[in-house]
Amino acid sequence: MKKIRALYDFIRFPIPVKITFCSSVLEQLTGNILFPEPDVPLAEAKTKVDKLNTTYLASKDGSHTAVSAMHDAEEEVDYDFRILAAYVNRIANGDETAILSSGFHIMKQPVSIQKPVLAAIDGDNSGYVYLIAKAVSTAGSYIWQMAKDKLPETEEGWSIAGYSTQAYFQVKGLDVAARYYFRMAAITPTKTTDYTPAVMKVVM
């Protein structure tokens with residue numbers, strides 16, 4: 001039986017998702033009596049997350065210099081949060097409750113495939129939407145569907161938004177201020193899972 005551990009899944013997150021996730025971890029570690037002496041000072045980690053946020057916003061003008069600065073800032077955040085996750089794993093020693101209190105996601109024992117949970121947030125540019133779901137360990141790819149204006153009553157009302165090998169996907173070219181519905185299913189070696197419950201997003 002594998003020991004429950006904090007995951008390093010944040011490394012693969014899109015940058016806006018990573019900023020939100022890392023900020024949440026810092027909030028939950030601050031004053032947490034289970035983790036009194038992090039291997040990276042939390043104030044230092046926060047400064048790097050703030051820098052990533054600033055460079056991410058600046059990168060939207062598309063300049064090579066700004067994009068390069070954003071990626072440099074992302075590497076700094078990834079480095080510090082790897083250290084923090086390793087610290088949490090060392091101190092928690094497999095205690096699920098302790099790890100969850102740190103804000104990091106956990107690796108649990110294998111279980112039967114369940115419906116992934118889906119969220120939709122603003123994407124990199126106007127008319128873009130990021131879709132983020134709970135990963136399915138056996139999935140080789142994911143299929144993303146969407147519908148505009150209203151929730152479809154039949155399967156025919158859904159259209160394919162795209163495919164991905166990761167449990168996140170950015171939909172582009174959507175109509176600003178329009179209401180869209182999204183859902184996702186995981187494709188595994190043995191089956192395609194049920195679709196997630198649909199989520200609605202008004203495009204910004």
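The values are calculated or read from the model by the stated rules, or taken from the named source; none is laboratory data. Because the structure is a prediction, the values reported are computed rather than measured. Every residue, glycine as well, gets a Cβ built from its backbone with ideal geometry; the counts of neighbours run over all protein chains shown.
Data for the structure
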{"quantity": "Qualifying residue in region 46-57 (condition: surrounded by fewer than 18 Cβ atoms within 10 Å (Cβ to Cβ) and hydrophobic (A, V, I, L, M, F, W, C))", "calculated": "yes"}
{"quantity": "Count of residues meeting criterion [in contact with a Ser or Thr (Cβ under 9 Å, 6 or more places away or on another chain) and among the small types (Gly, Ala, Ser)] in region 1-37", "calculated": "1"}
{"quantity": "Residue check, ASP124 modelled with pLDDT of 90 or more, surrounded by fewer than 18 Cβ atoms within 10 Å (Cβ to Cβ) and not hydroxyl-bearing (Ser, Thr, Tyr)", "calculated": "no"}
{"quantity": "Where a residue in region 131-157 is in the same structural domain as PRO189 (by TED's automatic domain parsing) and its partner, wherever it lies, is of a type in the set (Phe, Trp, Tyr) and part of a loop (DSSP other than H, G, I, E, B), with Cβ under 8 Å and at least six apart", "calculated": "ILE132/PHE13; GLN145/TRP158; GLN145/TYR195; MET146/TRP158; ALA147/TRP158; PRO152/TRP158"}
{"quantity": "Single match in LEU7, LEU34, LEU29 (criterion: surrounded by 19 or more Cβ atoms within 10 Å (Cβ to Cβ) and hydrophobic (A, V, I, L, M, F, W, C))", "calculated": "LEU29"}
{"quantity": "Members of region 136-185 that are under 22 Å from ILE11 (Cβ atoms), of a type in the set (A, V, I, L, M, F, W, C) and over 16 Å from the mean Cα position of the chain (by Cα)", "calculated": "ALA139"}
{"quantity": "Top-ranked residue of region 58-86 - restricted to ones that are in contact (Cβ under 8 Å) with a residue 60 or more places away in the chain and buried (at least 20 other Cβ atoms within 10 Å of the Cβ), ranked as farthest from PRO36 (Cα to Cα)", "calculated": "PHE81"}
{"quantity": "Residue list for region 149-204, filter: under 17 Å from LEU131 (Cα atoms), among the small types (Gly, Ala, Ser) and surrounded by 12 or more Cβ atoms within 10 Å (Cβ to Cβ)", "calculated": "ALA161, GLY162, SER164, ALA167, ALA178, ALA185, ALA186, ALA198"}
{"quantity": "Which listed residue, of ALA98, ALA86, is closer than 25 Å to GLU27 by Cβ, in a helix (DSSP H, G or I), in contact with a helix residue (DSSP H, G or I) (Cβ under 6 Å, 6 or more places away or on another chain) and assigned by TED's automatic domain parsing to the domain that holds VAL40", "calculated": "ALA98"}
{"quantity": "Enumerated strands (runs of 3 or more DSSP E) restricted to region 147-204, each holding at least 1 residues that are farther than 22 Å from LYS18 by Cβ", "calculated": "159-164, 179-187, 199-202"}
{"quantity": "Residues satisfying the stated conditions in region 9-42, i.e. modelled with pLDDT of 90 or more and either of a type in the set (Lys, Arg) or assigned by TED's automatic domain parsing to the domain that holds GLY123 (or both)", "calculated": "LYS18"}
{"quantity": "Residues that are over 20 Å from the mean Cα position of the chain (by Cα), farther than 10 Å from ARG5 by Cα and charged (D, E, K, R), drawn from region 61-110", "calculated": "ASP61"}
{"quantity": "Candidates ASP122, ASP80 - the one that is in the same structural domain as THR30 (by TED's automatic domain parsing), within 27 Å of VAL49 (Cα to Cα) and not aromatic (Phe, Trp, Tyr)", "calculated": "ASP80"}
